[in-house]
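The values are calculated or read from the model by the stated rules, or taken from the named source; none is laboratory data. Please read all numbers here as calculations on a predicted model, not as lab measurements. Note: areas computed on protein heavy atoms with side chains; ligands, DNA, RNA excluded. Shrake-Rupley method; radii C 1.70, N 1.55, O 1.52, S 1.80 Å.
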Amino acid sequence: MAAAAGVLQALAATPLSSAMREGAWLYPIVEIVHIAGFAVLVGSVVLFDLRVLGFARNLPVVALGNHLLRWALASLLLVVPAGLLLFSAHSVELANNPAFILKLVLIVIAGLNALAFHLLPYRSVASWDRDRPAPPLARAGAGLSILLWLGVISCGRMLAYL
Ligand code: HEM
């Protein structure tokens, strides 16, 4: 634990994290990038999940997935670096913030849930690509995904209050 605390303090002492804390515009700009990124990420994932749950059944799941999930993955190029920069500004405090720890845990579970979805029910997508209900396992994965990302967003917002 002492080693982790040392790393967090070293991170908070870097010129970059000092600039994030002291600069008038750097932190808000990075936060705007973070928010823009996760708006695309969570928006894309939730719209895909709603299709799997049975909305807009005339829309082909594979074509919609190829479009939306590509943007979801690309948005990580904004979300993660911006998130790490925001974290670096207050690393010691955030590492002890229960909302931040829960947020990272939910992000990992959401990632594993997406992986399980693609490795399991999505393999049979050709049989439910259009005008057919998705199998129960796919709908369960989609529903869980929406709840998990809602949890991530809630934890993200709560960071400022805890
Ligand atoms: C991957 C999906 C992610 C989502 C959906 C997400 C979502 C959010 C949300 C909703 C906020 C609150 C924004 C506000 O209301 O001002 C936030 C803030 C924050 N996020 Fe993320 N985040 C994600 C990933 C990350 C990662 C990977 C990190 C760092 C390792 C991170 C670090 C932060 C920090 C430090 C803040 C606090 C900013 C502040 O309140 O000043 N986020 N995030």
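Regarding the chain, what are the three Cα extents along the principal axes, ordered largest first, in Å?
In descending order, the Cα extents are 56, 32, 24 Å.
Give me the accessible area per residue for the chain, probe 1.4 Å, as a whole number in Å².
With all protein chains present, the chain gives 59 Å² per residue.
Below 8 Å between Cα atoms, with a sequence gap of 6+, how large is the relative contact order for region 30-135 in percent?
Computed value for region 30-135: 40 percent relative contact order.
With the full set of protein chains in place, find how many percent of the accessible area of region 1-110 is carbon and sulfur; take the probe as 1.4 Å.
After summing per-atom areas, the C and S share lands at 79 percent.
Give the separation of the Cα centroids, region 1-37 to region 114-162, in Å.
Value for the Cα centre distance between the two parts: 31 Å.
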